[in-house]
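Student: Submitted below is the structure of interest, expressed as structure tokens.
Each value in this text was obtained by applying a stated rule to the coordinates, not by laboratory testing. Just so you know, these numbers come straight off a predicted model, no measurement behind them.
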Amino acid sequence: MAGEEPGAATERRKLALAAASETSKHVLTLTTAVVTITISLAKDIVGKASRSDLMWLQWAWLAHAVSVLAGVLVLLALAGTVDEGDETRSIYSANIRLPAAMQMVFFGVGVVFVAVFGVLSA
């Protein structure tokens, strides 16, 4: 921010990078939990579901897989940004923002697909 001391700007940058990292980790945890639970219960739910209903679950797993890969890219980009000495880099850099957006979008899509599967196979 204008008029801000250099130390304060650096501290804000560190906090923003840490918050972005934690958010990405939380979404990774939620994503893997959804996939783990649906795979664990697949034996019980597959018997009731039609083949077309199962397609929703398969698409959900694919969306969650893409979300996990994007989350790993976010964490790698954050690590690279922290290691750089350039103070102009931030969480708004394209190398962080794009995979973070992909992670969130595919997580949301995966959750929606799981919900659609749940409604259709009930």
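Student: State the label only: which of [x] 18.7, 64; [y] 16.4, 54; [z] 14.1, 44 corresponds to Rg and Dmax of the Cα atoms in Å computed from the shown model?
Tutor: Recomputing Rg and Dmax of the Cα atoms in Å here gives the entry labelled [x].
Student: Got the relative contact order for the chain handy, in percent, Cα pairs under 8 Å and 6 or more residues apart?
Tutor: On the way: 102 pairs, mean separation 47.0, N = 122.
Normalised by residue count, the contact order of the chain is 39 percent.
Student: Could you work out how far helix 51-83 tilts from the main Cα principal axis of the chain, as a 0 to 90 degree angle to the nearest 10?
Tutor: Once rounded, the angle reads 10 degrees.
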